[in-house]
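Read the structure below first, then the notes.
Throughout, read-outs are computed from the coordinates displayed, never taken from laboratory work. All values reported here derive from a predicted model rather than from experimental measurement.
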Amino acid sequence: MLVVHVRVRVKPECVDAFRAASIANARQSVNEPGIARFDVMQDTADPTHFVLVEAYRTPEAPAAHKESTHYILWRNTVADMMAEPRSSVKFANCFPEDAGW
């Protein structure tokens, strides 16, 4: 299991549009066989701060996700909404050991 946290800070005037585009992407992403979970999180103290939590079943799944039509649409749609470049951190699942979500 590979879990990726993608940190995104969006322009204040783009918060609603970014949230809508990200939820649309997440709804499609959870149907991919390599994705176990895909969460869109919004900071309660700073609504311009989002974290996408992506849980992949295999090491190859992130690359397959980035080739999907819905990801490419999301990437192109939100590019100008970001206040700064997005960043990500990759995590290895430690517990539960058999998390096969």
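Tabulated results
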read-out: Percent RCO, i.e. relative contact order, over the chain, from Cα pairs under 8 Å lying at least 6 residues apart; value: 45 percent
read-out: Calculated from backbone phi, Karplus (6.51, -1.76, 1.60) coupling profile of the range 83-93 in Hz, x at Gly/Pro; value: 7, 7, x, 6, 9, 9, 10, 9, 10, 8, 6
read-out: Residue of 91, 18, 38 that the Gaussian network model of the chain assigns the largest fluctuation, springs spanning Cα pairs under 10 Å; value: 91
read-out: Percent of C-alpha pairs per 10 Å bin, the chain, short to long; value: 16, 49, 29, 7, 0
